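Heads up: the structure comes next, in C-alpha cells.
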C-alpha cells in the first residue's frame, strides 16, 4: 500500500504514544462502520506511515490489522487471503513447521497446556483397556503423543495396543498451526511408529486425509472395531468447522461412541458478534494484541519462529475481518462458555482429576512468570490457561451421557 493513495496530511503526534496502534485502528474501524471514506483514507495513511511487520509490537499489530482493514475497505479479503495462503504453502515444509512448533512449546505453554491436560484425561478414561483407539482431530503434528506413548509403556498392567487415527483436512496447511499434507503425515507416521517400537507399545497409525473440510467427516472413515476403547481428541478443531455446522460436527463425534472427548480451544469470541463488525474487530484486536505481546516477551526479537507465528496470525486476522467466503468460517473462535453450551447437548461435562491438575501445574513451572491456571466457573467447565490473568486457552473433558 502506497501512502500516495491517501490524503497527504501530517500524522497526529499523539499517535506515537503508548498503545497508539489500538487507538488508530479503532478510529479506522469506526470510520468503516460509519462509511466515512475521508476518515478511512486519512487513518489508513497514518497507519501505513507508522506500521511495520519488522518493528516493535505496536508496529506489528498496526501492520497486520492495517492489511485486514484495507482489504475490508477494498472488498479484496478473499483474494488476498488465498494469495497469502498460497505463498505460505510454497515455503512450507515439515522441518520448518516442526522447528516453529517445538520452539513455541519450549518458550510458552500455549499449546503444551492442552496436550498435558488432554493426555491425562485420556489415560484415566482408558485405563485398563487392552485396545485403544485415539482419533486425533487437531493441528499439533502429533507432538502431543510421544509423552502418552511413554505413559502407556510404563503402565503397571499389560501394555495396550494403540491405534492412532489422525485427521488432515484441506490437503495441507501453511504454517505451524495449520494442517499437514500427505507426505508430511507419512514422515510423521514413520517417526511415531519408530518411537512406539522403542517404547515397546504395539502401535498402528492411520491418516484420514481425503476430506476437504472437517464437516465431511463420518463414522465410517475411522474403521472403529467393537473391542476398541475410543477417545476423540480435538485441539483447535472446532473453530475450523463452519459456525452453522458445529452442532452437526459434535453429533458426528458422538456417533463414534467415545469413552472420552477432549476439547482445547483458544479463548476468543469471533462468532456471535460476526454480524457486528466493530464488536468483532474489538474482540479480534483484544485477542491478537495479547497474543503478540506474549510472543514479544517469550521470543528473542530476531526469532524466525516468532515471525512465522506472527504471519500465521496475520492470515487469521485477515480471515476474520475481511473475508466473506468460506475462508472466514474456519477462524470463528468461540469462548469456553459457548462451546460448553454446544457440547452439553451431546455429552456430559467431565472434570480433570487432581493428578491431571498437578501435571499442568508442574508444566507451568517450566515457563516464565505470568502463566497460571484456574478452573472454569459459571456457564463453563474445564480449565483455563491464563497469561497475566487473561484467559487465553480453554481445555475440557467430556463423557457420554
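The values are calculated or read from the model by the stated rules, or taken from the named source; none is laboratory data. Keep in mind that what you see is a predicted model, and the values were worked out from it rather than measured. Cβ: placed from backbone, ideal geometry, glycine included. Neighbour counts: every protein chain shown.
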| message | With the requirement that a residue be in contact with a strand residue (DSSP E or B) (Cβ under 6 Å, 6 or more places away or on another chain) and either over 24 Å from residue 105 (Cα atoms) or modelled with pLDDT under 95 (or both), what does the range 181-200 give you? | response | 182, 185, 189
| said: Need a quick list: helices (runs of 4 or more DSSP H) entirely within the range 282-379 having at least 1 residues that are in contact with a strand residue (DSSP E or B) (Cβ under 7 Å, 6 or more places away or on another chain) and more than 17 Å from residue 239 (Cβ to Cβ). | reply: 354-364
| request: Take the range 203-212 and flag every residue that is surrounded by 16 or more Cβ atoms within 10 Å (Cβ to Cβ) and either more than 13 Å from residue 186 (Cα to Cα) or more than 27 Å from the chain's Cα centre (by Cα) (or both). | output: 203, 211
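Residue-by-condition table, conditions (1) in the same structural domain as residue 195 (by TED's automatic domain parsing); (2) more than 21 Å from residue 193 (Cβ to Cβ); (3) at pLDDT 95 or above; (4) surrounded by fewer than 21 Cβ atoms within 10 Å (Cβ to Cβ):
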{"site": "105", "(1), (2), (3), (4)": "yes, yes, yes, yes"}
{"site": "112", "(1), (2), (3), (4)": "yes, yes, yes, no"}
{"site": "120", "(1), (2), (3), (4)": "yes, yes, yes, no"}
{"site": "125", "(1), (2), (3), (4)": "yes, yes, yes, yes"}
{"site": "133", "(1), (2), (3), (4)": "yes, no, yes, no"}
{"site": "142", "(1), (2), (3), (4)": "yes, no, no, yes"}
{"site": "145", "(1), (2), (3), (4)": "yes, no, yes, no"}
{"site": "150", "(1), (2), (3), (4)": "yes, no, yes, yes"}
{"site": "155", "(1), (2), (3), (4)": "yes, no, no, yes"}
| request: Could you please let me know if residue 237 is modelled with pLDDT under 95 and either touching a helix residue (DSSP H, G or I) at 6+ places or on another chain (Cβ under 7 Å) or not assigned by TED's automatic domain parsing to the domain that holds residue 340 (or both)? | output: yes
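Residues to consider are 391, 375; find the one that is out of contact with any helix residue (DSSP H, G or I) (no Cβ under 6 Å at 6 or more places or on another chain), under 19 Å from residue 122 (Cα atoms) and either touching a residue at least 12 places away in the same chain (Cβ under 8 Å) or surrounded by fewer than 15 Cβ atoms within 10 Å (Cβ to Cβ) (or both).
The unique qualifying residue is 375.
Looking at 262, 289, which is the one that is outside the structural domain of residue 132 (by TED's automatic domain parsing), surrounded by 17 or more Cβ atoms within 10 Å (Cβ to Cβ) and at pLDDT 95 or above?
Every option except 289 fails the conditions.
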| field | Residues located in the range 222-278, provided they are assigned to a helix (DSSP H, G or I), more than 17 Å from residue 401 (Cβ to Cβ) and in contact (Cβ under 8 Å) with a residue 60 or more places away in the chain | value | 222, 238, 239, 240, 243, 246, 277, 278
